[in-house]
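Please read the structure below before turning to the comments.
The values are calculated or read from the model by the stated rules, or taken from the named source; none is laboratory data. Treat the numbers as computed from the prediction; the structure is a model and nothing was measured. Glycine also receives a Cβ, built like all others from the backbone with ideal geometry; neighbour counts cover every protein chain displayed. All accessible areas refer to the heavy atoms of the entire protein, side chains included, with ligands and DNA or RNA removed. Shrake-Rupley method; radii C 1.70, N 1.55, O 1.52, S 1.80 Å.
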Amino acid sequence: MSVRFVIDSLDFVRNAGIHHDKIPVLELVRLHDFLFDRKGEIAYRISGQLDKNHNPGLYLEIKGKIHLICQRCLDKLTHTVDVRTFLLLVKTEVELNQIDEDDTLEAILATHDMDVLNLIEDEIILGLPISSRHPDGKCKLHKPDSIDNDLTDKTPSANPFSALAALKKTN
Ligand SMILES: [Zn+2]
């Protein structure tokens with residue numbers, strides 16, 4: 001069973017192509033490092049369109065839920081994927097670099113064998129939160145006061161004196 005969907009990107013736009021499908025999270029291999037588990041599936045829709053300046057591009061909608069790892073308690077953190085983006089298709093690296101300087105546009109190199117699954121993986125990874133953690137109060141490890149107090153209570157104790165005593169003995 002293959003969920004790969006490969007398009008000739010400019011042809012796809014020329015033919016006003018539309019395709020939608022679902023991908024099991026299990027198949028999105030490059031995401032796995034970020035995940036708590038590989039459950040669920042991602043729904044997507046891709047269509048070939050021209051933007052208002054008549055430049056070809058791919059309109060992508062990606063939706064679903066994935067389970068990230070909370071960086072604080074290491075438990076499951078549900079993340080909703082909801083991407084809607086227009087990727088301008090350019091023919092050369094030079095064009096690509098020019099567009100990269102413009103923050104409002106996203107562009108990719110037009111190819112004859114574009115793997116849509118790859119695009120989707122890219123977009124999901126780009127949209128991941130920089131720091132994934134449960135909101136305060138919902139995280140198991142969120143006890144702001146008690147942790148600090150425990151540390152300060154334990155560290156001092158009799159240590160400085162026993163160290164001093166040890167020094168005196170060796171002299
Ligand atoms: Zn947490």
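A Cβ distance below 9 Å, combined with a sequence gap of six or more or placement on separate chains, defines the contacts here; from segment 108-119, residues that are of a type in the set (V, I, T) reach residues that are in a helix (DSSP H, G or I) and open to solvent by less than 20 Å² (accessible area, probe 1.4 Å) in the pairs I108/S9; I108/L119; T111/S9. Total residues in segment 11-55 satisfying the condition of being on the phi > 0 side of the Ramachandran plot and of a type in the set (A, V, I, L, M, F, W, C): the figure is 1. For segment 83-123, which residues satisfy the criterion of being out of contact with any strand residue (DSSP E or B) (no Cβ under 8 Å at 6 or more places or on another chain) and either under 30 Å from D37 (Cα atoms) or within 16 Å of the ligand (Cβ to nearest atom) (or both)? N118, E121, D122, listed by residue number.
Per-residue answers, yes or no, for (1) among the polar types (S, T, N, Q); (2) within 22 Å of I130 (Cβ to Cβ):
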| site | (1), (2) |
| --- | --- |
| S9 | yes, no |
| N55 | yes, no |
| L77 | no, yes |
| V90 | no, no |
| V94 | no, no |
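Only one of the numbered conditions (1) within 16 Å of the ligand (Cβ to nearest atom); (2) modelled with pLDDT of 95 or more is violated by T80, and that is (1).
Take I125 and decide whether it is in contact with a Ser or Thr (Cβ under 9 Å, 6 or more places away or on another chain) and either at pLDDT 90 or above or open to solvent by 60 Å² or more (accessible area, probe 1.4 Å) (or both). No.
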